[in-house]
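Participant: One structure follows; several queries about it will come next.
The values are calculated or read from the model by the stated rules, or taken from the named source; none is laboratory data. Just so you know, these numbers come straight off a predicted model, no measurement behind them. Reconstructed Cβ throughout: ideal geometry from the backbone, glycine too, with neighbour counts over all protein chains shown. The accessibility values were calculated without ligands, DNA or RNA, using every heavy atom of the protein model including side chains. Shrake-Rupley method; radii C 1.70, N 1.55, O 1.52, S 1.80 Å.
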Amino acid sequence: MEKMHTQISVANHEETRHLTDFSSPVQFKYFTENNFESIPQVQALSDDIRFSIKVVASVLPFKVNEYVIRELINWDNIPDDPIFQLTFPQHGMLTERDFNTVADLIKAEASRSEIRAAANKIRLSLNPHPAGQMTLNVPVMDGHVLRGMQHKYRETVLFFPTSGQTCHAYCTFCFRWAQFVGLSDLKFAAKEGEILRDYVLRHPEVTNVLFTGGDPMVMKTSVLTRYIEPLLDERLENLQTIRIGTKALAYWPMRFVTDKDSDDLLRLFERIRKAGRQVAIMAHYNHFRELETPVAQEAIRRVLDTGAMIRTQSPVVAHINDQAVIWEEMWREQVRLGMVPYYMFVERDTGARDYFKVPLEQAHRIYRDAYKCVNGLSRTVRGPSMSATPGKVEVSGIAEVNGEKVFVLRFIQGRNPDWVDQPFFAQYDPNASWLNELTPAFGEEKFFFEDELEKIISTKTRMMETLAA
Ligand SMILES: *Cc1c(COP(=O)(O)O)cnc(C)c1O
C-alpha cells in the first residue's frame, strides 16, 4: 500500500509548525513563476511585490518548495527576510531599464514568445558563463570533448550528472543560473559514469571527483548509484574521495530522513566508505536559519552517522548574509552539529550580481570580524575567495607597505598549482568587488601569473578550435 504523505500544510498566517514526525514521507511540492501566486503567503503580499516577482522570474530562474516557504522563511519580515531574499526574485535584481522593459510587456499582455525574446536578450547581457567555464575547463579524452565534466585544478574533476541538473529550490544569486532558464546550450551534462571512471583511470593525478549540478541530491538513489558504482572500481587507486555538492541539507533535508529512498542513500554512502573511499558532502548553507529546524539537524546527524564528512560553503551576499554575526553564528552552529566550515566565497560576476555583490574590502571585514570570534575548530574556513579564471583567489587582508595601502591576495587553487600560496598585492580599492577590477600594486604592470595564464588560455583555445573543426 502507498504510504500516506505527511503534508506540510501551508495555511495563511498559521504559526510555523516544524516537521518533527519523521516516520512518513513528505510530499515534495514546489512552485515556479507559473504557479507561485497560489502560495497563500504570497497572496498576502502587496501587489507591488507580487508583480516584481513575476517580472524578475520571467528573466531569472525561480523555484521554491513548501519546506522553504513553511519552515525557513519568516513571512512577518518581507521583503527583508534573508531566506525570502535567497529564494524569491527581487525587484533590484534587474536594472530599472530591464525591469521596465519586461514589466511593460507583461502589463501590455504581450505574448509568451515576445516576453521570452526580451528575457533572452537581457540574459545574454548578464555574463551567463563566467570564468571561461564553457571552454577552458572542459576535459578532452580520445579527441572528444567531455561536456559533462570540468577539470580545472589538477586533483579534482567536477562531474555534472545529466539527471542532477536542477535543485530543490533555486538560489537567487546562483552563478549557474543560466542553465536553469532554457539557454540550453549552457547546460553541462554527462551521460555516463563509465566515461568518468575511464577519465579518472587515465589521470592518476586525480584524487577526487566532485558531483555537482544543479544538485546531485535531486536524483533518486537508484540513479545516483548508477553514476557512483563505476567509481568503486578497485583499479582507481588514485581516487580517494567522492564529493557531492548539495544544498539539499538546507532546502530539502527530508532527502536524508523521510524520502522513500533516504535509507538507501545512506547505505550508498556506507558502501562507498567500505570500498575504501571517503564521502565528502560539500554542503551549501547561506544562513544559520537553515541549520535550525529539527529535520535539518536530523539530516546532518544521519549523514554523519554513515561516516561521511560534511564541509560547508557559501558566498557572502548582500541582502542575505552580509553581516559578521550571521557568519559567526553559522560557523559556530555548523561545528556544534559536527560539520567543517570550508569556504567563504565572493559572489561571482554573473547574473544579478549588482544586487548581491559585496565589495572585497567589506567581504574581508565580514570574514575577519566573524573569524576572530570563533574558536579554532571553525577556523578551517578560508576566504573570502573569488573563483576566477586563473584560480581561487583569497583576499588575505589589507596592509600598508611602504606607505601604499594594498590588498594582500593569494591563490587557494590555481590553474597552475605552482601559483598557490604565494602572496601577491593589488592596489587598495574600496569599491572593487572582483579580481578583474584590481590593479597590481607598487606600479607593476601585471600580476605575476598573467603571462602564464594567457599562454594556458591560448593553448587550450587553439586545442578546442582544432577539435571543433
Ligand atoms: C573550487 C573548485 C574545485 C575544488 O577546489 P578545492 O579547493 O579542492 O575544494 C575544483 N574545481 C573547480 C572548478 C572549483 O571551482
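Participant: What are the residues in the stretch 234-286 that are within 16 Å of the ligand (Cβ to nearest atom), among the polar types (S, T, N, Q) and open to solvent by less than 10 Å² (accessible area, probe 1.4 Å), if any?
Facilitator: If the condition is that a residue be within 16 Å of the ligand (Cβ to nearest atom), among the polar types (S, T, N, Q) and open to solvent by less than 10 Å² (accessible area, probe 1.4 Å), then Thr246 is the only one that fits.
Participant: With the requirement that a residue be within 16 Å of the ligand (Cβ to nearest atom), open to solvent by 30 Å² or more (accessible area, probe 1.4 Å) and under 19 Å from the mean Cα position of the chain (by Cα), what does the stretch 120-145 give you?
Facilitator: His129, Met134
Participant: Another question, if that's okay. Of the residues Leu291, Leu304, only one is in contact (Cβ under 8 Å) with a residue 12 or more places away in the chain, among the hydrophobic types (A, V, I, L, M, F, W, C) and in contact with a helix residue (DSSP H, G or I) (Cβ under 8 Å, 6 or more places away or on another chain); which?
Facilitator: After applying the criteria, what remains is Leu291.
Participant: Determine whether the stretch 347-369 contains at least one residue that is among the hydroxyl-bearing types (Ser, Thr, Tyr) and surrounded by fewer than 20 Cβ atoms within 10 Å (Cβ to Cβ).
Facilitator: yes
Participant: Consider Ala117 carefully, then state whether it is among the hydrophobic types (A, V, I, L, M, F, W, C) and open to solvent by 30 Å² or more (accessible area, probe 1.4 Å).
Facilitator: In short, yes.
Participant: Which residues, taken from the stretch 406-428, are farther than 10 Å from Glu394 by Cα, open to solvent by 20 Å² or more (accessible area, probe 1.4 Å) and part of a strand (DSSP E or B)?
Facilitator: If the condition is that a residue be farther than 10 Å from Glu394 by Cα, open to solvent by 20 Å² or more (accessible area, probe 1.4 Å) and part of a strand (DSSP E or B), then Val420, Phe425, Gln427 are the ones that fit.
Participant: Something else about it: Exactly one condition in (1) within 17 Å of the chain's Cα centre (by Cα); (2) within 18 Å of Tyr67 (Cβ to Cβ); (3) not polar (S, T, N, Q) is false for Met254; which is it?
Facilitator: Only one criterion in (1) within 17 Å of the chain's Cα centre (by Cα); (2) within 18 Å of Tyr67 (Cβ to Cβ); (3) not polar (S, T, N, Q) is unmet by Met254, namely (1).
Participant: A further question follows. Of all residues in the stretch 188-229 being in contact with an Asp or Glu (Cβ under 8 Å, 6 or more places away or on another chain), open to solvent by less than 30 Å² (accessible area, probe 1.4 Å) and modelled with pLDDT of 95 or more, which is nearest to Asp142 (Cα to Cα)?
Facilitator: If we take residues in the stretch 188-229 being in contact with an Asp or Glu (Cβ under 8 Å, 6 or more places away or on another chain), open to solvent by less than 30 Å² (accessible area, probe 1.4 Å) and modelled with pLDDT of 95 or more, then Val206 is nearest to Asp142 (Cα to Cα).
Participant: Out of the residues in the stretch 307-326 that are over 26 Å from Leu360 (Cβ atoms) and open to solvent by 10 Å² or more (accessible area, probe 1.4 Å), which is nearest to the chain's Cα centre (by Cα)?
Facilitator: Met309
Participant: Just for the stretch 146-166: of the residues that are away from the ligand (no atom under 16 Å from the Cβ) and open to solvent by 20 Å² or more (accessible area, probe 1.4 Å), which one is nearest to Gln90 (Cα to Cα)?
Facilitator: Thr166
Participant: Ok, one more. Looking only at residues that are polar (S, T, N, Q) and closer than 22 Å to Val223 by Cβ in the stretch 153-187, which one is modelled with the highest pLDDT?
Facilitator: Thr166
Participant: Another question, then. Look at the stretch 72-102 and say how many of its residues are assigned to a helix (DSSP H, G or I), buried (at least 20 other Cβ atoms within 10 Å of the Cβ) and within 21 Å of the chain's Cα centre (by Cα).
Facilitator: So the answer is 8.
Participant: Here are some conditions: (1) modelled with pLDDT of 95 or more; (2) in contact with a helix residue (DSSP H, G or I) (Cβ under 9 Å, 6 or more places away or on another chain); (3) in a loop (DSSP other than H, G, I, E, B); (4) closer than 30 Å to Arg154 by Cα. Asn431 meets all but one. Which one does it not meet?
Facilitator: Just one mismatch for Asn431, condition (4).
Participant: Among the residues of the stretch 379-397, are any open to solvent by 30 Å² or more (accessible area, probe 1.4 Å), without any contact (Cβ under 8 Å) to a residue 60 or more places away in the chain, away from the ligand (no atom under 16 Å from the Cβ) and not in a loop (DSSP other than H, G, I, E, B)?
Facilitator: Checked the stretch 379-397: no residue is open to solvent by 30 Å² or more (accessible area, probe 1.4 Å), without any contact (Cβ under 8 Å) to a residue 60 or more places away in the chain, away from the ligand (no atom under 16 Å from the Cβ) and not in a loop (DSSP other than H, G, I, E, B).
Participant: Just the residues that are over 29 Å from the mean Cα position of the chain (by Cα) and open to solvent by 90 Å² or more (accessible area, probe 1.4 Å), please, taken from the stretch 449-467.
Facilitator: Within the stretch 449-467, Lys455, Arg462, Glu465, Thr466 meet the criteria.
Participant: Among all residue pairs at least 6 apart or on different chains, which show Cβ distances below 8 Å where the first residue, located in the stretch 201-215, is in contact (Cβ under 8 Å) with a residue 60 or more places away in the chain and the second is outside any strand (DSSP E or B) and near the ligand (Cβ under 9 Å from one of its atoms)?
Facilitator: So the pair list comes out as Asn208/Glu155.
Participant: Please list, ordered by first then second residue, the pairs with beta carbon atoms under 8 Å, 6 or more apart or interchain, first in the stretch 129-143 and under 17 Å from Phe159 (Cα atoms) and at pLDDT 85 or above, second of a type in the set (Ser, Thr, Tyr) and not in a helix (DSSP H, G or I).
Facilitator: Short answer, once both residue conditions are applied: Leu136/Thr389.
Participant: Run Asp104 past the list (1) closer than 30 Å to Phe288 by Cβ; (2) at pLDDT 95 or above and report the number of the one that doesn't hold.
Facilitator: Every listed condition holds for Asp104 apart from (1).
Participant: So, one more: Looking only at the stretch 167-183, count every residue that is touching a residue at least 60 places away in the same chain (Cβ under 8 Å) and within 15 Å of the ligand (Cβ to nearest atom) and tell me the total.
Facilitator: The number of residues fulfilling the criteria is 2.
Participant: List every residue pair whose Cβ atoms sit under 8 Å apart, with the two residues 6 or more apart in sequence or on different chains, where the first one lies in the stretch 106-118 and is without any contact (Cβ under 8 Å) to a residue 60 or more places away in the chain and among the acidic types (Asp, Glu) and the second, anywhere, is assigned to a helix (DSSP H, G or I) and open to solvent by less than 100 Å² (accessible area, probe 1.4 Å).
Facilitator: Glu114/Leu105
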